[in-house]
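The values are calculated or read from the model by the stated rules, or taken from the named source; none is laboratory data. Quick caveat, the model's predicted, so the values are computed rather than measured. Cβ coordinates were reconstructed from backbone atoms using ideal geometry, including for glycine residues, and neighbour counts include every protein chain displayed. Just the protein is used for accessible areas: all its heavy atoms, side chains included, with ligands, DNA and RNA removed. Shrake-Rupley method; radii C 1.70, N 1.55, O 1.52, S 1.80 Å.
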Amino acid sequence: MQVLLLLAAVGLCWAQYDPNTQTGRTSIVHLFEWRWDDIALECERYLAPYGFGGVQVSPPNENIVITNPNRPWWERYQPISYKICSRSGTEDEFRDMVTRCNNVGVRIYVDAVVNHMCGSMGGTGTHSTCGSYFDTGTRDFPAVPYSAWDFNDGKCQTASGDIENYGDIYQVRDSGFRIDAAKHMWPGDISAFLAKLHNLNTQWFSAGTKPFIFQEVIDLGGEPITGSQYFENGRVTEFKYGAKLGTVIRKWDGEKMAYLKNWGEGWGFVPSDRALVFVDNHDNQRGHGAGGASILTFWESRLYKMAVGFMLAHPYGFTRVMSSYRWPRYFENGEDVNDWVGPPSNSDGSTKSVTINADTTCGNDWVCEHRWRQIRNMVVFRNVVDGQPFSNWWDNDSNQVAFGRGNKGFIVFNNDDWYMNIDLQTGLPAGTYCDVISGDKEGSACTGKQVYVSSDGMANFQISNTDEDPFVAIHVDAKL
């Protein structure tokens, strides 16, 4: 279950909505399945310089080693104990990562799997990432230690031991081995263990600071369990966000970008200050979790960049960027039968390093969406416009839209099938701006498009429907 804990080197605490990022840093990135050594390097060489606030890391706990299929990504979500040793590295490497990232102002958020152990596929033995003994048949996990007394089997009300009716809150929360999710725990139970957490380390945080908590609650509506039931503990993942935005950007079901004018709570989402939002995550980019086929991912890069750009420009929620790896997709009956494939690996099953190419992209089959210029520059955009109101909305009643963030930034999208040529009120000071989607501001020049804002705040935008990136973004820090 993803209760995500912000790590402060060694100690942590409960119910908290503030992500504790450094002032002026407003987004985090999920470096899915990265090694601790590589994350430490990325914090220093890339994330801190470009203003990323933090990193969500994969579960650090000891897990079962699964060889059929061979080392799937989801073995990380099958705990044997809470010892810190996994494919990503040792406890010492983990501690070094936390220290080095915090030293450059990049926070670490831990994916904590705390509501189940490795389940029936485990059997018995020591085939785990630390070599700890376990016996799933007798519910014996001495490395924790857990025994049969610690499990909910006696409360399970279904013959199969699985959840058969998501309309029954007792089945959803009292069946022991199921998909990792906060909705499968009672909010009060989560609160009880969060209350035992320590405050954050005063080496990096002011005294009395509590760790950030966000809980994976898949709530698409229509079930008795809702995200709002978990607000007492911290923020929740707003899965409707990526599912709805994907539908709009794809123009499915008659949806148009013009309808995004009241995006956020107006679409039935949880309050902005309780939401952790994302276009895709490690589950639903593989067709699991929530959202189905509407979810946009790196495989459809043109639409994906627009969706992430919109997310990072819009003030709703606390934003998380996905950073993925490629796998050999193979479809049968519309489903990817290789959705289990683990991270890029060596022949011995160890995870490959994230190599960096000369053009700053990643090698070894790591996708690194957070290094794509369009996404990285929109992370910067969000930092620049932080605290500014949503303003100067414009749309053409179809799929050309624009909006500003006070007097600090402005973004324009052309998701229609025809050329866009329009004069718009940006709300920005007069001057020449570099479009941060097509290029960068370098010295006194732009490597991409330029936008001229006149003394009355108006500017002309021309975006072809055939552009690889049919959107333009400008902000005051990209002004010549």
**Item:** Where labels lie 7 Å past Cα in the beta-carbon direction, separation of Asn68 and Asn421 in nm
**Value:** 6.6 nm
**Request:** Could you order Ser228, Ser464 by accessible surface area, starting with the largest, using a probe radius of 1.4 Å?
**Result:** Ser228, Ser464
**Asked** Roughly how many Å² is the accessible area per residue of the range 83-136, as a whole number, for a 1.4 Å probe?
**Response** 37 Å²
**Item:** Prolate/oblate/rounded label for the range 273-329 (Cα gyration tensor, a/c 1.5)
**Value:** prolate
**Message:** Taking the full set of protein chains and a 1.4 angstrom probe, give the accessible area of Phe212 in square angstrom, rounded to the nearest 10.
**Reply:** 0 Å²
**Prompt:** Which FRET efficiency value, to the nearest 0.05, is calculated for Glu335 and His127 with the Förster distance at 22 angstrom and r the Cβ-Cβ distance?
**Reply:** 0.20
**Asked** Once the whole set of protein chains is in place, how much accessible area is left on Asp189, using a 1.4 Å probe, in Å² to the nearest 10?
**Response** 90 Å²
**Message:** Given the whole protein assembly as supplied and a 1.4 Å probe, what does the accessible area of Tyr330 come to in Å², nearest 10?
**Reply:** 120 Å²
**Added length on full extension, which subtracts the Cα-Cα distance from 0.36 nm per residue, Arg139 to Ala445** = 103.7 nm
**Fill in**
Two pseudo-spin positions, 7 Å from Cα along C-beta at Asn152 and at Thr226, lie apart in nanometres by 2.1 nm
**Prompt:** Tell me which lysines have Cα within less than 23 Å of Lys352's Cα, excluding those fewer than 8 residues away on the same chain?
**Reply:** Lys83
**Mean residue ellipticity (222 nm) of the chain, computed from DSSP H runs ≥ 4 via -39,500 (n - 2.57), nearest 500** = -4500 deg cm²/dmol
**Request:** Report the residues of the range 294-323 in range of a label on Trp252: point 7 Å along Cα→C-beta, backbone N strictly under 13 Å from it.
**Result:** 294-297
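If R₀ is 45 angstrom, what is the calculated FRET efficiency for the pair Ser455 and Asp162, using the beta carbon separation as r and rounding to 0.05?
That gives a FRET efficiency of 0.10.
For the range 380-471, what is the accessible area per residue in Å², given a 1.4 Å probe and the full set of protein chains?
Here the residues of the range 380-471 average 41 Å² of exposed surface.
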**Debye intensity ratio I(q)/I(0), log10, the chain, q values 0.06 Å⁻¹ (C-alpha model)** = -0.27
**Message:** Can you sort Lys240, Lys83 by solvent-accessible area, 1.4 Å probe, largest first?
**Reply:** Lys83, Lys240
**Request:** Using a 1.4 angstrom probe on the protein heavy atoms only, line up Lys305, Lys261, Lys408 by accessible area, largest first.
**Result:** Lys261, Lys408, Lys305
**Message:** Suppose all protein chains stay in the model; what accessible area per residue would a 1.4 Å probe give for the range 258-316, in Å²?
**Reply:** 29 Å²
**Request:** Report in % the part of the accessible area of the chain that belongs to carbon and sulfur, leaving out ligands and nucleic acids; probe 1.4 Å.
**Result:** 48 percent
